[in-house]
1. Tell me, what ³J(HN,Hα) does each residue in the range 135-150 have, in order and in whole Hz, if you take phi through Karplus 6.51 cos²θ - 1.76 cosθ + 1.60 with θ = phi - 60° and put x for Gly and Pro?
2. Just need the relative contact order of the range 65-219 here, percent rounded to a whole number, with Cα pairs under 8 Å and 6+ apart.
3. I'd like the per residue volume of the convex hull spanned by the Cα atoms of the range 81-168, given in cubic angstrom.
4. Which links in LYS82/LYS209; LYS67/LYS133; LYS152/LYS188; LYS84/LYS186; LYS117/LYS188; LYS82/LYS152 stretch past 24 Å when you go from one Cα to the other?
5. In terms of modelled amide H atoms, which long-range or inter-chain residues lie less than 5 Å from the amide H of THR197?
6. Sort 89-98, 106-115, 176-185 by packing, meaning the average of other beta carbons within 10 Å per residue, with the highest value first.
7. All other residues with a Cβ under 14 Å from the Cβ of LYS116 taken together, and with Lys, Arg as +1 and Asp, Glu as -1, what is their net charge?
8. I'd like the Karplus ³J(HN,Hα) series for the range 72-87: coefficients 6.51, -1.76, 1.60, θ = phi - 60°, whole numbers in Hz, and an x wherever there's a Gly or Pro.
Amino acid sequence: MNRGTSLLVIGLFLFSCNSNNGNKTEATEENKTAAPLKVEKEIHLPDELKADETDDDPYYHYHTILKKEFNDSVLANFSSLKSKDRFTFYMPAGNIDSTESVVRIYTHEGNLIYEKKFGTHELINGYDLEFIKNETQMQKYVLKQANGVLDKSSFTDLDRVEEYGIIAQSQPEDFESYDTYVECKKEKRPLFCIGLTEEDITYIGFSKKQNKVLDIIYCC
């Protein structure tokens, strides 16, 4: 083979290689274009399973609407040891931020001797919201708080006053009505405790001298 023929063969070989490489590049670009896009599926959770989305705030921000009203009542010696008074608690259905709950006390004869109304949201101890993550838990928590309003632990046995730190550690001048406290203790009649929000605690007692229920001491 002469020199001219050799150069012609080499030229044809290089042209063939370049043509094949160009086809491969075009095919690769086409494959890239044709590849399907990956779409992430968005998952929607029911409201009752959604956690609070505030990263810096560990406390749950509730928007609780109660579907049913709540009623409770107990009988207890309070104004007298000879007969029992009836304590009632009512919590309405609806948005707890706009409804009002009420505690009432009636004598054995049916006379109303005490009534305290407060916003339903005041049943919530703000510190507890750190452990609540959704509305399902919040609904159960509010119901638990409602059940505790007239719990037997709300009635103080003044023979064991050392168990009640607020009373045991207070001086006479700290009381709203120390005379009534002494009267109840002497007659072995209990005080009733109403605890709201974080530290709004009130002990009440019945004064026979004034024939009415009085606030005994507050905290805090």
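1. Each residue of the range 135-150 in turn: 6, 4, 5, 5, 4, 5, 5, 4, 5, 4, 5, 5, 5, x, 4, 9 Hz.
2. This gives 20 percent for the range 65-219.
3. Dividing the Cα hull volume of the range 81-168 by its residue count gives 127 Å³.
4. LYS117/LYS188
5. When sequence neighbours closer than 5 places are left aside, the close amide H contacts are LEU123, ILE124.
6. Peptide ranking by packing, descending: 176-185, 89-98, 106-115.
7. Surrounding charge for LYS116 is -2.
8. 8, 7, 9, 9, 7, 6, 9, 7, 7, 8, 7, 9, 9, 8, 9, 9
Every read-out reported here was derived from the displayed coordinates using simple, explicitly stated rules and does not represent laboratory data. Model, not experiment: these values are computed from the prediction. Reconstructed Cβ throughout: ideal geometry from the backbone, glycine too, with neighbour counts over all protein chains shown.
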